[in-house]
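See structure below.
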């Protein structure tokens, strides 16, 4: 791009008249970035609840569904798969791309989902599901060969937890000793009916790895 091209773009932007900002503009952008929780910093959650209709209309025009779970205090966007749409619905480009977690990342999600289910069934006094990383590791290492390097496994666990934190699936609760809050979006991402299929796939992969076929 030449200096002349850059100058023309700058000039055209400077004379563009932006439409009036909507009271829900900030909330819309936050939703496009990912999951919004009721306890996130700022007032995005309140803005979403106060503007459900215009937000639903905005994203609906893009072929995206706004999902709000007030009970668990979270909201996110979902773009239906082709088989979820009416047969006469015109195909549009994907706004969101699925993140590939790999074997270890998927395994960790299953472990966390099981911990969340247990907490909801047995620990009814606490709204949050918090687990120590050392306890997670005890479960995590059971899925690997007995002669596996514990240091490497613990490092891998930490790496995957940090990645899931960026996706807002978990949130660091304490640094020392490290503990994590499991966010309830995992209930939507990994519903109980899908867990059996995922477990079967993981078991097949684990068997291959034990035989040295990985």
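Quick rundown of the values:
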item: In the stretch 103-133, residue nearest to the chain's Cα centre (by Cα) [restricted to those that are in a helix (DSSP H, G or I) and exposed (fewer than 12 other Cβ atoms within 10 Å of the Cβ)]; result: 121
item: Close pairs from the stretch 55-68: first in the same structural domain as residue 37 (by TED's automatic domain parsing) and in contact (Cβ under 8 Å) with a residue 12 or more places away in the chain, partner in a loop (DSSP other than H, G, I, E, B) and loosely packed, with under 15 Cβ neighbours inside 10 Å, Cβ under 7 Å, at least 6 apart; result: 62/95; 63/92; 64/95; 65/80
item: Residue ID - farthest from the chain's Cα centre (by Cα), chosen from residues in the stretch 79-97 that are at pLDDT below 80 and surrounded by 10 or more Cβ atoms within 10 Å (Cβ to Cβ); result: 89
item: Test: residue in the stretch 58-78 that is within 27 Å of residue 202 (Cα to Cα) and either over 17 Å from the mean Cα position of the chain (by Cα) or in a loop (DSSP other than H, G, I, E, B) (or both); result: no
item: Any hit, the stretch 37-49, residues being exposed (fewer than 10 other Cβ atoms within 10 Å of the Cβ), out of contact with any strand residue (DSSP E or B) (no Cβ under 9 Å at 6 or more places or on another chain) and over 18 Å from residue 188 (Cβ atoms); result: yes
item: Sole exception among (1) under 23 Å from residue 194 (Cα atoms); (2) at pLDDT 90 or above; (3) exposed (fewer than 10 other Cβ atoms within 10 Å of the Cβ) for residue 100, by number; result: (2)
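The values are calculated or read from the model by the stated rules, or taken from the named source; none is laboratory data. Only a predicted model underlies this, so the values are computations on that prediction, with no experimental measurement involved. Every residue, glycine among them, receives a Cβ derived from its backbone with ideal geometry; neighbour counts consider all protein chains shown.
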